[in-house]
Structures are given as C-alpha cells and as structure tokens.
Amino acid sequence: MAHPQIAVFARLANGNAATVRRIEGQAAKLSRTMHSIFFDHIHDEIVVTNPFAQAVLTFRGDANGEVPPIRIIQGPKTGFEQPDVMSADPVNDEYYVPAGDAIHVFPRMTNGDAAPIRVLNDGGNGPPSIDYEHNVLLVTANDGIRIYERTASGDAKPLRVVTGGPRSGVEPPNEDVIWIPGTRNFLARTRPFGVRTEGDRPGVPGNYQSAADAAMFVGVWSIDDNGDVPPRGVIKGPATGLVWPAGVAINPKHQEIYAIDSVSNALFMFKMPEFCLKAPTSSAGGGR
C-alpha cells in the first residue's frame with residue numbers, strides 16, 4: 001500500500017531529488033488514493049480529496065509534517081460519492097468537486113457538513129478547470145471537452161464541445177484539462193486518432209504500460225474551438241520522455257508545464273511553448 005502523503009519539492013529540483021517537506025501522518029487524514037491536487041496561489045492553500053472518507057481537505061500552503069487540515073468538507077449534505085478529484089476557482093472563491101454524475105460547487109470557506117450552492121449534472125471524467133477570466137468551465141467527457149458557462153447548473157447545455165476525431169487526427173481529449181491563465185487556451189491529454197483505447201482489449205484497463213499502447217500526448221486548444229478541431233500545438237515525441245502522461249499541471253508565473261508519467265514514474269517539466277500563449281486566430285470547428 002502506498003504511503004499517504006503530499007510531497008513538496010523545490011521548483012528547480014532535478015533527478016533523484018529529496019523533498020523539502022511532506023504532509024503526512026494520521027492527523028493529516030490523507031488517503032492513498034488522491035488523483036488530483038490543487039494549489040490556490042491566491043490564498044496559499046493546498047486542496048485534495050479523500051475519496052474513502054468522502055471528503056475534501058484543505059491545508060495551509062506551508063504545511064509540513066503531521067498537521068491536520070484547516071477545513072474539511074464532509075457529510076451527507078455534501079452529496080459526495082467517493083470524490084477522487086477536484087478543482088477550484090481562487091478568484092471567485094469556489095471549489096468544484098465531481099461526485100457521481102455531477103459537479104458539486106461549494107464556497108471556498110465551507111467547513112463541515114454543508115450542501116453545495118449549485119450542482120451541474122455533468123460529472124465528467126476528471127478534475128474540471130475554471131477559466132475565471134472568461135467565465136467558462138471546462139469539463140472532460142467521453143465525447144471531448146465540454147465548455148460551459150462558469151456558473152452553469154442543473155441540466156445546462158455546454159456552449160461548445162471540442163470533440164477530436166478524423167479531421168483533427170486525435171481522439172477526444174480525456175481526463176485532464178487545464179486552462180492557461182492570461183490566454184484563451186487550455187491543455188488536455190489525448191492520443192492519436194485510431195489508437196486503441198479503453199474497451200478495445202477485453203480485460204485490459206486503460207492504464208497502458210508501453211508507448212505503442214499509450215501514444216498519449218498533450219495538446220493545446222482554445223476555449224473558442226468547437227467540434228472536430230485539431231490542436232493548435234502538441235507536446236509529444238521521444239525527446240519529451242513522455243510515454244503515458246497521467247496528469248498535467250502548469251505554473252503560469254514561470255510559464256512551465258509539468259507532466260507526471262505513469263510508465264517512467266517521473267515528473268517532467270517543460271518550458272511553455274509559444275503556441276500555448278498565442279491568441280487564437282479563428283474559431284474553427286465542425287459545430288455542435
């Protein structure tokens with residue numbers, strides 16, 4: 001069993017580097033299954049989920065050692081169903097927690113057993129991303145990236161859906177989507193169109209362990225894209241060292257992209273390419 005912890009490294013760490021601090025121990029209430037982590041740079045807080053306890057935990061940004069969360073969202077009123085990912089909007093002070101087939105939204109300072117302030121009936125496939133500059137919400141799904149109004153709730157329909165497909169040459173982006181602050185662009189994990197995916201090999205899950213099976217890469221799209229649209233740029237190829245990027249994150253202050261690779265068990269850091277920051281030239285797409 002993995003040791004439940006949040007390990008913190010220096011930004012410029014390289015190779016077999018030691019942590020600078022860790023959040024761990026019984027008091028931290030962490031579980032061994034945390035599939036996302038959010039750092040709120042405005043309030044200097046770290047937020048993770050504990051799906052086994054059906055809870056969202058918030059720590060101070062400088063937490064170290066066996067320290068308890070400063071806030072815990074947990075209880076029957078939350079409507080949680082083993083939430084293992086979450087995201088946050090630090091500008092509008094909201095947490096977005098996928099639970100079952102819906103995203104539950106809470107005020108950032110929520111503590112204890114509380115009901116969400118709104119629920120969007122689209123749980124997605126991974127942590128959503130909030131573009132607070134343009135007031136849109138990005139949600140991953142089997143058909144691609146669904147782009148909603150930020151405050152969408154209930155059975156609201158997406159404004160646009162970036163689907164991928166034969167025209168774009170990529171499969172619908174899945175699981176990870178991250179808006180790039182200061183732009184109208186976002187990153188998403190995907191794979192070339194036609195490469196086998198979950199369900200194509202009976203009894204074999206999607207967490208493949210070879211380059212041939214995975215062929216995953218990181219693509220960049222615009223929030224204005226719609227339909228079967230090719231990425232505006234990609235991060236892929238042997239030089240990147242990536243085989244199956246299982247998670248991506250960005251550091252907008254230093255214009256860096258981070259990717260965890262589940263095959264090499266390593267964290268890769270890249271300088272953000274120019275195409276990530278460039279303004280879209282059109283809203284091309286097949287429409288929905």
Those residues of the stretch 233-267 which are in contact with a Gly (Cβ under 8 Å, 6 or more places away or on another chain) and either farther than 17 Å from V177 by Cα or among the polar types (S, T, N, Q) (or both) amount to S264, A266
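Here's the yes/no breakdown for (1) touching an Asp or Glu at 6+ places or on another chain (Cβ under 8 Å); (2) farther than 30 Å from V119 by Cα; (3) in a loop (DSSP other than H, G, I, E, B); (4) open to solvent by 50 Å² or more (accessible area, probe 1.4 Å):
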| residue | (1), (2), (3), (4) |
| --- | --- |
| I6 | yes, no, no, no |
| F38 | no, no, no, no |
| V47 | yes, no, no, no |
| V67 | no, yes, yes, no |
| K77 | yes, no, no, yes |
| Q82 | no, no, yes, yes |
| V91 | no, no, yes, yes |
Of the residues in the stretch 213-250 that are modelled with pLDDT under 90 and either in contact with a Leu (Cβ under 6 Å, 6 or more places away or on another chain) or polar (S, T, N, Q) (or both), the one that is least open to solvent (accessible area, probe 1.4 Å) is V218
In the stretch 93-111, anything in contact with a helix residue (DSSP H, G or I) (Cβ under 9 Å, 6 or more places away or on another chain), at pLDDT 95 or above and open to solvent by less than 10 Å² (accessible area, probe 1.4 Å) is listed as V97, F106
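Residue under question is I73, and the condition is that it be under 20 Å from H254 (Cα atoms), open to solvent by less than 20 Å² (accessible area, probe 1.4 Å) and in a strand (DSSP E or B); does it hold? Before you say what the answer is, go through the steps one by one.
On the way: under 20 Å from H254 (Cα atoms): no; open to solvent by less than 20 Å² (accessible area, probe 1.4 Å): yes; in a strand (DSSP E or B): yes.
The answer is no for I73.
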Considering the stretch 123-134, residues that are within 15 Å of the chain's Cα centre (by Cα) and within 23 Å of G227 (Cβ to Cβ), and then whichever is most open to solvent (accessible area, probe 1.4 Å), we arrive at N125
| query | If you go through the stretch 253-260 one residue at a time, do you hit one that is on the phi < 0 side of the Ramachandran plot and open to solvent by less than 20 Å² (accessible area, probe 1.4 Å)? | reply | yes
Taking the stretch 135-175 and the residues there that are assigned to a loop (DSSP other than H, G, I, E, B), open to solvent by 20 Å² or more (accessible area, probe 1.4 Å) and at positive phi, the one that is modelled with the highest pLDDT would be N135
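Being surrounded by fewer than 15 Cβ atoms within 10 Å (Cβ to Cβ), closer than 26 Å to I178 by Cα and under 19 Å from the mean Cα position of the chain (by Cα): is that true of T33 here? Break it down stepwise before answering.
Working: surrounded by fewer than 15 Cβ atoms within 10 Å (Cβ to Cβ): yes; closer than 26 Å to I178 by Cα: yes; under 19 Å from the mean Cα position of the chain (by Cα): yes.
Considered against the rule, which asks whether it is surrounded by fewer than 15 Cβ atoms within 10 Å (Cβ to Cβ), closer than 26 Å to I178 by Cα and under 19 Å from the mean Cα position of the chain (by Cα), T33 comes out as yes.
Just need a number here: residues in the stretch 111-134 that are in a loop (DSSP other than H, G, I, E, B) and in contact with a Pro (Cβ under 9 Å, 6 or more places away or on another chain). Write out each step before concluding.
Just the residues of the stretch 111-134 that are in a loop (DSSP other than H, G, I, E, B), to begin with: 111, 113-117, 121-128, 132-134.
If we keep only those that are in contact with a Pro (Cβ under 9 Å, 6 or more places away or on another chain) too, we end up with 113-114, 117, 122-128, 132-133.
Residues that pass the stated criteria total 12.
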### Query
Is it true that some residue in the stretch 189-200 is modelled with pLDDT under 90, of a type in the set (D, E) and touching a Phe, Trp or Tyr at 6+ places or on another chain (Cβ under 9 Å)?
no
Selection over the stretch 93-110 where residues are without any contact (Cβ under 8 Å) to a residue 24 or more places away in the chain, assigned to a strand (DSSP E or B) and over 17 Å from the mean Cα position of the chain (by Cα) yields a count of 1
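The values are calculated or read from the model by the stated rules, or taken from the named source; none is laboratory data. Remember, it's a predicted structure, so these values are computed and weren't measured experimentally. Reconstructed Cβ throughout: ideal geometry from the backbone, glycine too, with neighbour counts over all protein chains shown. Just so you know, the surface numbers come from the protein's heavy atoms only, side chains and all, with ligands and any DNA or RNA stripped out. Shrake-Rupley method; radii C 1.70, N 1.55, O 1.52, S 1.80 Å.
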